[in-house]
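Take a look at the structure below.
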Amino acid sequence: MRVMVAGAGPAGLMLAAELVLAGAEVTVVDRLPRRSPYCRGFTLNARSLELLDRRGVVDRFLAEGPTVPYGMFADPSRPLDLSVMDTDHPYTLGIAQTRVEELLEEWLSELGVTVAWGHEVTGFDQDGDGVEVTVRTGGGHERVRVDYLAGCDGSRSLVRKHAGIGFPGTPATAFGLLADVGTADPSALPFGATEGERGTVFVIPRPGYVRIVLDEPVPPADRDEPVRLDYFQRVLDDTLGRRVELVDPRWLTRFSDAARQADRYVAGRVVLAGDAAHIHPPAGAVGVNVALADAVNLGWKLAATGLGYAPDGLLDSYHRERHEAGARMLRTTRAQALLGRRDPGVDPVRELLGELAGLPPVGRYLAELTTGVSTRYDPGIPGDHPWLGRLAPNLKLVAGGERTSVAELLRPARPVFLTTGARALPENARDRVDAHHVHCPERPDLEAVLIRPDGHTVWVSTTTDPQPADTLTTALATWFGA
Ligand SMILES: Cc1cc2nc3c(=O)[nH]c(=O)nc-3n(C[C@H](O)[C@H](O)[C@H](O)COP(=O)(O)OP(=O)(O)OC[C@H]3O[C@@H](n4cnc5c(N)ncnc54)[C@H](O)[C@@H]3O)c2cc1C
């Protein structure tokens, strides 16, 4: 089973790793000659860290930057307390997106896949058996036949357009400008938010430079027109109402509040993940994180489908689950973008929401929503156990006399059945599901739990809420085939 992944951003790299772990043969191509040095994002959230933990690589990322136990929803002066979240990683990790990509690429190469830089997907034809992909390389065009093509090729995705997948949503109404620059006098502009005469200027310290972000007061005639230093300088001075001289520009760009979502994440043998499937305002800083979540949901399902052991509709569940999660993320980031506007009409809403966010249950709800910790998928079986559909908690366990944990047992990216002895995995599921006999001191009521490769719980039985054996049979058939 061969998959071509178009795009070596966070979505493509993570998806490729997940596919390899699940037994697929993977090629990753990217049209750039090498990784872009320009860094868009700076954060990994709790859910991403949980997912990386379940693959045994989270420590590499945690070693890279500080963790911050607070986030922001509406009002910068009222941070959200992340330490109250139900997760092993109740914080945001500060890490450059470029570093995230380098670490993912390193891990992927340990799994045996090297990114083919300088290879651009320019078209494809799909039929019932596979996809014939045209790839432009330095030496011309190649035709490559694969079983599936994954479009992880960013917001302007050629794969999405060529597959005829719609991208409905709301067009850009407001624009922002970003500059990675130096200042002639570093004391002229403090880090953080500065209220100027005509707006707010955000300054983020970076090694050897600063990132300045501000609103673009007049929408550009051509949004693809490069942002020049003299233009950025003028907007900065106007916003502040004083001159702060900028020097040594590294990267200047613009972004918008456009929000769109692909109407299908799966079209025959073509799938989409990451920005190719959804774009949203940068408020909330979630793009990389949602890209990783898409990839981890998709990898095992696509591999099982291509390798021929997936139950009917497994790949469609990728669209169902991640489209719903993406729609929720779009709603949240659009709300955050609106609340960030300098508009007296919005001020009372921001203040009221800020006050509400200070109430512990609301604060926790918003923290778990914005970081994806509360993401829940329909497990397909009845039941109201709080774990059902959610990422299984990282329980500390003893198996075969050795200490282990849920995260450690999920590292091979296979379905996992944990039993304390009261329940057994049916014989006919043992080729597809890893069964472990465990002792779980922190949950003495646990009888057994069935966990998907992406870490989500699809069946759980406890002494206080024992589940009949036929519900386990249904869960196994729904997710891993009869
Ligand atoms: C200003 C700004 C700040 C941001 N800050 C944050 C933040 O703090 N935290 C966060 O989580 N997110 C942030 N984001 C969002 C984040 O950068 C994106 O959501 C993320 O990069 C999406 O990853 P991706 O892999 O889907 O796409 P991309 O990272 O865009 O990767 C797509 C890749 O596909 C390649 N490609 C494109 N077309 C082709 C083709 N035809 N053939 C082959 N290869 C192709 C591209 O070269 C690229 O390498 C920010 C975004 C912006 C604009």
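The values are calculated or read from the model by the stated rules, or taken from the named source; none is laboratory data. Owing to the predicted nature of the structure, the values given are computational and were not obtained by experimental measurement. As a convention, Cβ positions derive from the backbone with ideal geometry for all residues, glycine included, and neighbour counts pool all protein chains shown. When the accessible area is computed, the model is the full protein with side chains, heavy atoms only, and any ligands, DNA or RNA have been set aside. Shrake-Rupley method; radii C 1.70, N 1.55, O 1.52, S 1.80 Å.
If you check Y38 against the conditions, is it within 11 Å of the ligand (Cβ to nearest atom), surrounded by fewer than 18 Cβ atoms within 10 Å (Cβ to Cβ) and not hydrophobic (A, V, I, L, M, F, W, C)?
In short, yes.
For the subset of the stretch 300-318 comprising residues that are assigned to a helix (DSSP H, G or I) and open to solvent by 40 Å² or more (accessible area, probe 1.4 Å), which member is farthest from the ligand (Cβ to nearest atom)?
Top of the filtered list is L307.
Yes/no per residue for (1) over 18 Å from G154 (Cβ atoms); (2) away from the ligand (no atom under 14 Å from the Cβ); (3) more than 19 Å from the chain's Cα centre (by Cα):
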site	(1), (2), (3)
R242	yes, yes, yes
P249	yes, yes, yes
R254	no, no, yes
V270	no, no, yes
A273	no, no, no
I279	no, no, no
A295	no, no, no
L298	no, no, no
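Spot the failing condition for A179; the list is (1) in contact with a Phe, Trp or Tyr (Cβ under 8 Å, 6 or more places away or on another chain); (2) not in a strand (DSSP E or B); (3) not β-branched (V, I, T), and only one is missed.
The number of the failed condition is (2).
Would you tally the residues in the stretch 268-289 being part of a strand (DSSP E or B) and open to solvent by 10 Å² or more (accessible area, probe 1.4 Å)? Explain how you work it out, then say what you get.
Step one: filter the stretch 268-289 for residues part of a strand (DSSP E or B), giving 270-272, 278-279.
Now drop any that are not open to solvent by 10 Å² or more (accessible area, probe 1.4 Å), which leaves 279.
Number satisfying all stated conditions: 1.
From the list F191, F232, which one is crowded, with 16+ Cβ neighbours inside 10 Å and either within 25 Å of the chain's Cα centre (by Cα) or not assigned by TED's automatic domain parsing to the domain that holds A291 (or both)? If you could, list the steps in order and put the result at the bottom.
On the way: F191 fails: crowded, with 16+ Cβ neighbours inside 10 Å.
After ruling out the rest, the residue left standing is F232.
In the stretch 207-221, how many are touching a residue at least 40 places away in the same chain (Cβ under 8 Å) and surrounded by fewer than 15 Cβ atoms within 10 Å (Cβ to Cβ)?
Count: 1.
Yes or no: the stretch 120-136 includes at least one residue that is surrounded by 15 or more Cβ atoms within 10 Å (Cβ to Cβ), within 20 Å of D215 (Cβ to Cβ), of a type in the set (F, W, Y) and within 13 Å of the ligand (Cβ to nearest atom).
Within the stretch 120-136 (the criterion being surrounded by 15 or more Cβ atoms within 10 Å (Cβ to Cβ), within 20 Å of D215 (Cβ to Cβ), of a type in the set (F, W, Y) and within 13 Å of the ligand (Cβ to nearest atom)), the answer is no, since none of the residues qualifies.
Looking only at helices (runs of 4 or more DSSP H) that lie completely in the stretch 345-447, which have at least 2 residues being without any contact (Cβ under 8 Å) to a residue 40 or more places away in the chain?
Working: elements: 347-357, 360-370, 406-409.
Because the criterion is at least 2 residues that are without any contact (Cβ under 8 Å) to a residue 40 or more places away in the chain, the helices (runs of 4 or more DSSP H) in the stretch 345-447 that meet it are 347-357, 360-370.
Could you say whether any residue in the stretch 173-186 is within 13 Å of the ligand (Cβ to nearest atom), in contact (Cβ under 8 Å) with a residue 12 or more places away in the chain and either open to solvent by 50 Å² or more (accessible area, probe 1.4 Å) or among the basic types (K, R) (or both)?
No; the residues of the stretch 173-186 include none that is within 13 Å of the ligand (Cβ to nearest atom), in contact (Cβ under 8 Å) with a residue 12 or more places away in the chain and either open to solvent by 50 Å² or more (accessible area, probe 1.4 Å) or among the basic types (K, R) (or both).
Looking at the stretch 242-260, I want the residues that are assigned by TED's automatic domain parsing to the domain that holds R198 and have a partner that is away from the ligand (no atom under 15 Å from the Cβ) and of a type in the set (D, E) with Cβ atoms under 6 Å, at least 6 apart or on another chain. Which pairs are those?
Qualifying pairs under 6 Å: R243/D237.
Considering (1) part of a strand (DSSP E or B); (2) more than 16 Å from the ligand (Cβ to nearest atom); (3) open to solvent by less than 70 Å² (accessible area, probe 1.4 Å), say which one R145 fails and leave the rest.
Failing condition for R145: (3).
Any residue at all in the stretch 266-286 that is of a type in the set (D, E) and under 30 Å from A477 (Cβ atoms)?
First pass over the stretch 266-286, keeping only residues of a type in the set (D, E): 275.
Adding the requirement that they be under 30 Å from A477 (Cβ atoms) leaves none.
The answer is no; no qualifying residue exists.
Here is a check on your reading of the model: is E18 in contact with a strand residue (DSSP E or B) (Cβ under 8 Å, 6 or more places away or on another chain), assigned by TED's automatic domain parsing to the domain that holds Y309 and more than 13 Å from the ligand (Cβ to nearest atom)?
For E18, the condition - in contact with a strand residue (DSSP E or B) (Cβ under 8 Å, 6 or more places away or on another chain), assigned by TED's automatic domain parsing to the domain that holds Y309 and more than 13 Å from the ligand (Cβ to nearest atom) - is not met.
To keep it simple, each residue is scored yes or no on (1) over 14 Å from W459 (Cα atoms); (2) in contact with a His (Cβ under 6 Å, 6 or more places away or on another chain); (3) open to solvent by less than 40 Å² (accessible area, probe 1.4 Å).
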{"residue": "Y377", "(1), (2), (3)": "no, yes, yes"}
{"residue": "I381", "(1), (2), (3)": "no, no, yes"}
{"residue": "G400", "(1), (2), (3)": "yes, no, no"}
{"residue": "E427", "(1), (2), (3)": "yes, no, no"}
{"residue": "D431", "(1), (2), (3)": "yes, no, no"}
{"residue": "H437", "(1), (2), (3)": "yes, no, no"}
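Each row is one residue, and each column tells you yes or no for (1) under 17 Å from L292 (Cβ atoms); (2) open to solvent by 10 Å² or more (accessible area, probe 1.4 Å); (3) of a type in the set (A, V, I, L, M).
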site: M1; (1), (2), (3): no, yes, yes
site: G9; (1), (2), (3): yes, yes, no
site: A22; (1), (2), (3): yes, yes, yes
site: T27; (1), (2), (3): no, yes, no
site: R31; (1), (2), (3): no, yes, no
site: R34; (1), (2), (3): no, yes, no
site: L51; (1), (2), (3): yes, no, yes
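Restricting attention to the stretch 155-171, which residues are open to solvent by less than 30 Å² (accessible area, probe 1.4 Å) and within 15 Å of the ligand (Cβ to nearest atom)?
In the first step, residues of the stretch 155-171 are kept if they are open to solvent by less than 30 Å² (accessible area, probe 1.4 Å); the result is 157, 159-160, 163, 165-166.
Matches in the stretch 155-171: S157, V159, R160, A163, I165.
Within the stretch 187-206, how many residues are farther than 18 Å from D257 by Cα, in contact (Cβ under 8 Å) with a residue 24 or more places away in the chain and part of a loop (DSSP other than H, G, I, E, B)?
Just the residues of the stretch 187-206 that are farther than 18 Å from D257 by Cα, to begin with: 187-198, 203-206.
Now drop any that are not in contact (Cβ under 8 Å) with a residue 24 or more places away in the chain, which leaves 188-189, 193-194, 196-198, 204, 206.
Pick out the ones that are also part of a loop (DSSP other than H, G, I, E, B) and you get 189, 196-198.
Going through the stretch 187-206 one residue at a time, the tally reaches 4.
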